[in-house]
Amino acid sequence: MTLRILLADDHAMFRSGLRAVLETQPDLECVAEVEDGRAAVAETARLLPDLAILDVRMPKQDGLAAAETILAQPGNTTRVLMLTTYDSDEYVYRALSAGVSGFLLKSLPPEEMVSAIRVAARGDAVVDPSVTRRLAARFAAALAPAARNPDVAPGIDRLTAREREVLLLVAAGHTNAEIGARLFVGDETVKTHVSRILAKLGLRDRVHAALYAYRYGLARPDGD
């Protein structure tokens, strides 16, 4: 199955470079390139790609506003992956609340970028681990101490001991493969644990699971 992708970035060199990387992959097809958020919204509505990759900062309409518009459309099936830099973490929580499938740093090596694109297109949320930790630190610091109380975390009593362990590793930004290596289990077992965690806690994806863990003090921004 070929994944149809739209690229939106106002830096032509970065955009063309990413497109060149995508075109080396037999299962990825770039169906459009645009340089601003307004065009990203219009082309997404016209082409209905599987995934729209949006830079956070673009002219006319920034990537965050474009993502909110795309994801709010009735019947929308396009997933959104945001590209960011180290100085734009303040946008992350708002974007995740809108339903984006992840945040990635532009500095990622091409092979990691391609892997993340596939994950996002499948419907799993992806956030660069360093962004996850930085986001968690900001989010946790903004909460009143009383809110960071594991005893009041809704649904936590429904998780098994192993599921809690997996939740903490997700919160630390580890991939399924990394979690499997730590727990000596296969990727499919990890995926099953994550799916059960999300279902039991009523969470959208693994990124929201991480935010849940930090919000209620189950994980610490400076811990693993």
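Some observations on this one:
- Selection status of residue 52, open to solvent by less than 70 Å² (accessible area, probe 1.4 Å), modelled with pLDDT of 90 or more and assigned to a helix (DSSP H, G or I): no
- Residue in the range 10-17 that is under 20 Å from residue 56 (Cβ atoms), buried (at least 19 other Cβ atoms within 10 Å of the Cβ) and of a type in the set (Gly, Ala, Ser) present: no
- Considering residues of the range 64-119 that are open to solvent by less than 40 Å² (accessible area, probe 1.4 Å) and of a type in the set (S, T, N, Q) only, the residue modelled with the highest pLDDT: 78
- Looking only at residues of the range 175-220 that are assigned to a loop (DSSP other than H, G, I, E, B) and more than 24 Å from residue 157 (Cβ to Cβ), we find that the one that is most open to solvent (accessible area, probe 1.4 Å) is 184.
- Pick from the range 19-42, criterion acidic (Asp, Glu) and touching an Asp or Glu at 6+ places or on another chain (Cβ under 9 Å), ranking: farthest from residue 73 (Cα to Cα): 23
- Where a residue in the range 1-30 is on the phi < 0 side of the Ramachandran plot and its partner, wherever it lies, is assigned to a loop (DSSP other than H, G, I, E, B) and basic (Lys, Arg), with Cβ under 8 Å and at least six apart: 10/57; 14/106
- Residue selected from the range 9-25 under the condition among the charged types (D, E, K, R) and assigned to a loop (DSSP other than H, G, I, E, B), by the criterion nearest to residue 104 (Cα to Cα): 9
The values are calculated or read from the model by the stated rules, or taken from the named source; none is laboratory data. Owing to the predicted nature of the structure, the values given are computational and were not obtained by experimental measurement. In this analysis, Cβ positions are derived from the backbone assuming ideal geometry, glycine residues included, and neighbour counts consider all displayed protein chains. Side chains included, ligands, DNA and RNA excluded: accessible areas come from the protein's heavy atoms. Shrake-Rupley method; radii C 1.70, N 1.55, O 1.52, S 1.80 Å.
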